[in-house]
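Accompanying notes for the structure given below.
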Amino acid sequence: MHLRRLAVLLTSSGLVAAALAFAPAASAAEYLEVVGLSEFTDSSGTRHIFGEIVNHGSSPVAVQADVTYRDQSGEVAGGDVGAPLLTFVAPNDGRTPFEVQPQQDYAGFDVAASPAASSAVFNHAFEVTKVGDFVDPATKARQIAMQVRNTNGGAAQDVVVAVTYYTQSGRVAGAETFGVGSLAGGATGRVEVPVNPEFPGVSSWQAVAESPTAPTGAGTEPPPASGSGSDKPSALVCNPAMKLSKKTVDVGSTTSVSVSGATPGSTLMLEGYSRPSTTYAPIRKGVTVGADGTVAPFAVRPPTSARVRIGVSGCAGAGAGQVISVVPGLGIGVTRVRTRTYTFTGKILPGKQNTGRAIALYVNGAKRTTVKSAADGSYKATLTLPRGVTKAWWATGADMTNLAGKSATKAFSVS
């Protein structure tokens, strides 16, 4: 039983030779292959060697890239171990990119793939989908937005996405990984992938996700997400349309926010403030725009009147603000304390935001007294009234915090 390793020699003039090596493995039918080798030097002077390791076997395997540097005479001049971007390569022609940044001079090199020790387990059970492709107006860089769904039945930790970029001839132009974090079973995460403009001749790309968490099931790898390097990215819309289902709500009630005309795959945030503050702060973060440029309506429940707007990730500005007006809640209670004398109580909601607010008591349509609410929103007044049928209620005027409010009307007979 042997694991066949394919070593490929690359010189300044290109691929010149291939040699087979052998090492112990679980099955003679299983072997690894190194493909797509390329090298380039970036603008900072750092050299990069990229390639892919392909697993032609029927079982997943943890791998490494063994690099041997050659001098002008073909003699060994040193070596490196290239770590793959995915710990495991899926079976049946699964693949992982790898990168090496040489720190020495060489005239040529060869790369062989070999199994590597790993304490992790194989779990590629994540569905990666492209949801957007746009240009970040701040950095002018292309961003590919991807959604990652955990197809395991249980939670997965430290999920990462490895993105491989290819030239038109199939060489690996570059590769990078991006963290997604932890995902509950069936949950989705999101990652925005900035395409490195220094990767030479990008013609296409594909993305695969992985987690070191033991899979619920076989950890089977779904087909990778893929796209063309020539896909025309969209301009990022920084001021999409926002609509409120209701602009006036009773305290404790909700209004729905919907968005349209946004860039598919972009990330939005609802921001807002309530007086006396005038500084916007996040209300809801990480809202992802769908493929049709819209966001499914989501509910917000402001405790007081608020001005809200939509901010777009990557945009310096934000959309125009709209006001959600809140009607406070007022309660009333009536208690007889002695002949013709009654104590009127109540509580305004929300209490904290209305501390010290003037609240008037009306009896038979006339304002009889005004009190201020306590820190918990409560208020109280005691009056002596003429005998007879009486109606009473509490009311506020509008202020910077809330609209005017009125309690229920309490009818009773003064005795």
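The values are calculated or read from the model by the stated rules, or taken from the named source; none is laboratory data. Remember, it's a predicted structure, so these values are computed and weren't measured experimentally. As a convention, Cβ positions derive from the backbone with ideal geometry for all residues, glycine included, and neighbour counts pool all protein chains shown.
Being at pLDDT below 90 and over 26 Å from GLY351 (Cα atoms), is that true of even one residue in the stretch 271-283?
No, the stretch 271-283 has no match at all.
Filter the stretch 88-99 down to residues that are surrounded by fewer than 21 Cβ atoms within 10 Å (Cβ to Cβ) and closer than 28 Å to ALA77 by Cβ, then give me how many there are.
1
When the stretch 383-397 is examined, which residues are found to be exposed (fewer than 13 other Cβ atoms within 10 Å of the Cβ) and either in contact with a strand residue (DSSP E or B) (Cβ under 6 Å, 6 or more places away or on another chain) or small (Gly, Ala, Ser) (or both)?
Within the stretch 383-397, THR384, ARG387, GLY388, VAL389, LYS391, GLY397 qualify.
In the stretch 104-117, is there at least one residue being touching a Lys or Arg at 6+ places or on another chain (Cβ under 7 Å) and part of a loop (DSSP other than H, G, I, E, B)?
yes
I need the full set of residues from the stretch 398-411 which are within 49 Å of the chain's Cα centre (by Cα) and either surrounded by 13 or more Cβ atoms within 10 Å (Cβ to Cβ) or among the hydrophobic types (A, V, I, L, M, F, W, C) (or both), in order please.
Passing the criteria: ALA398, ASP399, MET400, THR401, ASN402, LEU403, ALA404, GLY405, LYS406, SER407, ALA408.
Quick one: which strands (runs of 3 or more DSSP E) sit completely within the stretch 309-391 and have at least 1 residues that are in contact with a Pro (Cβ under 7 Å, 6 or more places away or on another chain) and under 30 Å from PRO264 (Cα atoms)?
Here the list reads 322-327.
Would you confirm, using the coordinates I've provided, whether SER277 is surrounded by fewer than 20 Cβ atoms within 10 Å (Cβ to Cβ) and assigned to a loop (DSSP other than H, G, I, E, B)?
For SER277, the condition - surrounded by fewer than 20 Cβ atoms within 10 Å (Cβ to Cβ) and assigned to a loop (DSSP other than H, G, I, E, B) - is met.
Within the stretch 225-255, take every residue that is among the aliphatic types (A, V, I, L, M) and farther than 19 Å from ILE283 by Cα and give me the one that is modelled with the highest pLDDT.
Result: VAL237.
Checking the condition modelled with pLDDT of 95 or more and among the small types (Gly, Ala, Ser), which residue from ALA398, ALA408, ALA318, ALA404 passes?
After ruling out the rest, the residue left standing is ALA408.
Just name the residue that is farthest from THR355 (Cα to Cα) out of those in the stretch 392-415 that are outside any strand (DSSP E or B) and polar (S, T, N, Q).
That would be SER415.
Right, LYS367: surrounded by 12 or more Cβ atoms within 10 Å (Cβ to Cβ), more than 27 Å from TYR273 (Cβ to Cβ) and among the basic types (Lys, Arg) or not?
In short, no.
Can you name every residue in the stretch 120-130 that is surrounded by fewer than 19 Cβ atoms within 10 Å (Cβ to Cβ) and under 15 Å from the mean Cα position of the chain (by Cα)?
Hit for the stretch 120-130 is THR129, nothing else.
Return the residues of the stretch 188-204 that are of a type outside the set (S, T, N, Q), outside any strand (DSSP E or B) and closer than 13 Å to THR164 by Cβ; say none if nothing qualifies.
Of all residues in the stretch 188-204, those of a type outside the set (S, T, N, Q) come to 189-195, 197-202.
Still in the running and outside any strand (DSSP E or B): 195, 197-202.
Listed by number, the residues that qualify are VAL195, PHE199, VAL202.
From the list PRO328, PRO303, which one is under 34 Å from the mean Cα position of the chain (by Cα) and not basic (Lys, Arg)? Explain how you work it out, then say what you get.
Details: PRO328 fails: under 34 Å from the mean Cα position of the chain (by Cα).
Of PRO328, PRO303, the one residue that is under 34 Å from the mean Cα position of the chain (by Cα) and not basic (Lys, Arg) is PRO303.
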